[in-house]
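Have a look at the structure below before the remarks.
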């Protein structure tokens, strides 16, 4: 029986997905990406889950593509454009109506930075290092550029994409790629602070607020104001808004936050 490489758990409203493939530093093998996709779909479908946390076991978050598999594919003439299923995984994370928090437990390289960038909120252990090292083995960070460019901006992305040099967790915060870093003994508490914060928000409003960040920057200003005025009116008329404003007036937690 094949050993599971990605684990899934739902506790206290949080769906936790853990990469656990220590033999190849949580590389994006065919099996790992297939299981990650399966568990991500389970998290999105799970009514008990309000927040998704993505992390890794051990001391490495994700080392990128499984180069052993890639070399074997090259030899057999079945070369692929990076890990199978990665575009679908990154799209699902990016578009997930449930906030996705990255708990980055250690180094991330190449394709692993795609997973980091696709998270909505990311906290890394302060000893973590990152690198977009693809050019040094003759390839490019093509697929992951889709989620990295909106966070890094053009100038910093150019430096990291063509330079390939490692950078620290504090650098990643400064670059806008992650939100925060913390010592190992404080990492869980830092993640929990974001989980608690997010769970105070209404599920529909959280999904809508996430879409604002994703969609508005690409709109012309006149279109953005027009569409956002309509969207605002729809949310103010929603059942969640009625519950939220009633709860505020009655000085009680709204229904979605009563267990926070």
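Here are a few things to note about the model shown:
- Entry note, region 81-237: relative contact order of 24 percent, from Cα contacts under 8 Å with a spacing of 6+ residues.
- Helix 221-236 and the longest principal axis of the Cα set of the chain meet at an angle near 60°.
- Here the Gaussian network model covers the chain, with springs between Cα atoms less than 10 Å apart; of 107, 203, 99, 203 fluctuates the most.
- Of all DSSP beta bridges confined to the chain, the antiparallel ones make up roughly 30%.
- Highest-first arrangement of 212-219, 30-37, 252-259, where packing means the average Cβ count within 10 Å: 30-37, 252-259, 212-219
- Among 221, 197, 245, residue whose mean-square fluctuation peaks in a GNM of the chain (springs only between Cα atoms under 10 Å): 221
- Inter-label distance for residue 223 and residue 146, nm, one decimal - labels placed 7 Å from Cα along Cα-to-Cβ: 1.9 nm
- Only helical runs count toward this figure. For the chain, summing -39,500 (n - 2.57) over DSSP H runs of n ≥ 4 and dividing by all residues gives -14000 deg cm²/dmol at 222 nm.
- All Cα-Cα distances of the chain, cut into 10 Å bins from zero to the largest, leave 7, 28, 34, 21, 9, 2, 0 percent in each bin in turn.
- Computed over region 121-198: relative contact order in percent, which uses C-alpha pairs under 8 Å that are six or more apart: 47 percent
- On Cα atoms only, tilt of 154-163 relative to the major axis of the chain in degrees: 20 degrees
- Measure of compaction for region 117-260 (Cα Rg per 2.2 N^0.38 Å): 1.34
- Highest-fluctuation residue, 12, 188, 66 considered, GNM on the chain with Cα pairs under 10 Å: 12
- Extension gain, residue 259 to residue 242, is 4.2 nm, computed as 0.36 nm per intervening residue step minus the present C-alpha separation.
- Zone residues, region 174-189, relative to residue 12, backbone N less than 12 Å from point 7 Å out along Cα-to-Cβ: 188-189
- The chain: angle of helix 203-215 to the longest principal axis, Cα-based, in degrees nearest 10: 60 degrees
- Whole-angstrom gap from region 10-30 to region 176-204, using each part's C-alpha centre: 18 Å
Rule-based calculations on the coordinates, nothing more; no lab input. These figures come from a predicted structure and were not determined experimentally. Please note: Cβ atoms are built from the backbone with ideal geometry, for glycine as well, and neighbour counts cover all protein chains shown.
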